[in-house]
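Enquirer: Take a look at the following structure, please.
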């Protein structure tokens, strides 16, 4: 660069500095997926695992989702971490409605995804009964690796503009993967 | 030592105690509901009892018995180290007249315990300063730990979303569960592919 006076300002020469073209939606979603301001809605024991993911050992700030915003109006991603009871449902719905578009929802753990084993009068059988959910992370609680998988899955979906819900798959099935050394959990199929 | 405690209670409330037993350090006294308050007063204030700690207060529902409910309280003495379980049977078989005196004037911990008991079983604690639901919401109808409360019945505060197949939103199916549960992962792989039509 030349000196900062008006006489020395010149246009950038492509041959010297290089450039690339992109689509507007592409670079916008690229920016969105690496600056996910999160709202942690932490209600239960999954919060321990959430702390593990956010602490330096697993460190999801590597993925640009570091800053928590405890105002839903400033948040992009709603982390629903833990069991949601019927009594909490109005709170969760209101938080979701206060978030500005575009907004994403991640169901952290089995309880948030489907109610888990809380099949009773007090518990919502999955937050998708009341708010649309983008990513489901199974596990009770999920391993931090599974949560990072979910975060990367969400980033892929933001980049591709796909708003359909998705689930984090286990990297291997503990019921059938003999290398894990676990017992045979699943009965042979009736085929 | 605790057998001594049962004797104390039996001597004091000879006509109100309907049963008692002592099983491996587990002492129980069953008493008529009318003597509930005076029994609590006695157990707390008598120097030989000195039950300063109300550990728990709850109820059990026996829908085929009359009286139907059994109010159960666990007491402990910090100075003497003995424990006692006290029971009283209340309520008709149709759950009416499920009333008993409140212990909230004797032990502070009875306040919330009795509110929970009211919330879950619908037992009225007479003399309670603030008898309303403690865990569930005021809009809830019924008492969920009664045996005749339907196991599947939910009372949502927020109406569920109007989406097709709300009971089995993708990627979950009717057999949703743990990740290594009843579904095969090939289905999920298919669901996550972008050109798959949900």
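Enquirer: What number goes with the only condition from (1) surrounded by fewer than 20 Cβ atoms within 10 Å (Cβ to Cβ); (2) in contact with a strand residue (DSSP E or B) (Cβ under 8 Å, 6 or more places away or on another chain); (3) assigned to a loop (DSSP other than H, G, I, E, B) that residue A:95 does not pass?
Expert: (3)
Enquirer: Can we say residue B:81 is surrounded by fewer than 20 Cβ atoms within 10 Å (Cβ to Cβ), assigned by TED's automatic domain parsing to the domain that holds residue B:18 and in contact with a helix residue (DSSP H, G or I) (Cβ under 9 Å, 6 or more places away or on another chain)?
Expert: no
Enquirer: Now, a different point. Name the one entry in B:183, B:152, B:189 that is closer than 30 Å to residue A:109 by Cα, surrounded by fewer than 11 Cβ atoms within 10 Å (Cβ to Cβ) and modelled with pLDDT under 85.
Expert: B:152
Enquirer: Determine if region B:97-119 includes at least one residue that is out of contact with any strand residue (DSSP E or B) (no Cβ under 9 Å at 6 or more places or on another chain), part of a loop (DSSP other than H, G, I, E, B), modelled with pLDDT of 85 or more and farther than 30 Å from residue A:166 by Cα.
Expert: Within region B:97-119 (the criterion being out of contact with any strand residue (DSSP E or B) (no Cβ under 9 Å at 6 or more places or on another chain), part of a loop (DSSP other than H, G, I, E, B), modelled with pLDDT of 85 or more and farther than 30 Å from residue A:166 by Cα), the answer is yes, since at least one residue qualifies.
Enquirer: Mind counting the residues in region B:11-31 that are without any contact (Cβ under 8 Å) to a residue 12 or more places away in the chain and surrounded by 11 or more Cβ atoms within 10 Å (Cβ to Cβ)?
Expert: 1
Enquirer: Consider region A:130-140. How many of its residues are under 15 Å from residue A:41 (Cβ atoms) and out of contact with any strand residue (DSSP E or B) (no Cβ under 7 Å at 6 or more places or on another chain)?
Expert: 1
Enquirer: Something else: Test residue B:18 against the stated conditions and say whether it is closer than 19 Å to residue B:91 by Cβ and not in a helix (DSSP H, G or I).
Expert: Spelling it out, residue B:18 is indeed closer than 19 Å to residue B:91 by Cβ and not in a helix (DSSP H, G or I).
Enquirer: So, in region A:98-107, how many residues would count as being without any contact (Cβ under 8 Å) to a residue 40 or more places away in the chain and either within 14 Å of chain B (Cβ to nearest Cβ) or in a loop (DSSP other than H, G, I, E, B) (or both)?
Expert: 5
Enquirer: Could I ask something else about it? Being surrounded by 18 or more Cβ atoms within 10 Å (Cβ to Cβ) and away from chain A (no Cβ under 14 Å) is the filter here, so list the residues in region B:125-146 that pass it.
Expert: B:125, B:128, B:131
Enquirer: Can you tell me which condition residue B:41 does not meet? The list is (1) in contact with a helix residue (DSSP H, G or I) (Cβ under 8 Å, 6 or more places away or on another chain); (2) touching a residue at least 60 places away in the same chain (Cβ under 8 Å); (3) surrounded by fewer than 17 Cβ atoms within 10 Å (Cβ to Cβ), and all the others hold.
Expert: So residue B:41 meets the others, but not (1).
Enquirer: Follow-up. Could you tell me whether region A:141-161 includes any residue that is within 23 Å of residue B:163 (Cβ to Cβ) and over 14 Å from the mean Cα position of the chain (by Cα)?
Expert: Yes.
Enquirer: Please determine, by comparing only the residues of region A:108-132 that are more than 8 Å from chain B (Cβ to nearest Cβ), at pLDDT 85 or above and more than 15 Å from residue A:88 (Cα to Cα), which one is surrounded by the most Cβ atoms within 10 Å (Cβ to Cβ).
Expert: A:108
Enquirer: Can you tell me how many residues within region B:114-162 are touching a helix residue (DSSP H, G or I) at 6+ places or on another chain (Cβ under 8 Å) and without any contact (Cβ under 8 Å) to a residue 12 or more places away in the chain?
Expert: Qualifying residue count for the region: 4.
Enquirer: When you go through (1) within 11 Å of chain A (Cβ to nearest Cβ); (2) in a strand (DSSP E or B) one by one for residue B:85, which number turns out not to apply?
Expert: Against the list (1) within 11 Å of chain A (Cβ to nearest Cβ); (2) in a strand (DSSP E or B), residue B:85 comes up short only on (1).
Enquirer: Take the residues in region A:68-92 that are farther than 20 Å from residue B:158 by Cβ and in contact (Cβ under 8 Å) with a residue 40 or more places away in the chain; name whichever of them is surrounded by the most Cβ atoms within 10 Å (Cβ to Cβ).
Expert: Ranking the candidates gives A:77 first.
Enquirer: For the list (1) touching a residue at least 60 places away in the same chain (Cβ under 8 Å); (2) farther than 16 Å from residue A:38 by Cβ, I need the number of the one condition that residue A:110 fails.
Expert: (1)
Enquirer: Next question, about the same structure. Going through region A:133-160 one residue at a time, which ones are in a loop (DSSP other than H, G, I, E, B) and facing another protein chain (nearest Cβ under 10 Å)?
Expert: Of everything in region A:133-160, those that are in a loop (DSSP other than H, G, I, E, B) and facing another protein chain (nearest Cβ under 10 Å) turn out to be A:133, A:138, A:139, A:140, A:142.
Enquirer: Scan region A:169-183 and tell me whether some residue there is modelled with pLDDT of 70 or more and facing chain B (nearest Cβ under 9 Å).
Expert: Yes - at least one qualifying residue is present in region A:169-183.
The values are calculated or read from the model by the stated rules, or taken from the named source; none is laboratory data. The shown structure was predicted, so the numbers you read here are calculated from the model rather than taken from an experiment. Positions of Cβ are backbone-derived with ideal geometry, glycine not excepted, and every protein chain shown enters the neighbour counts.
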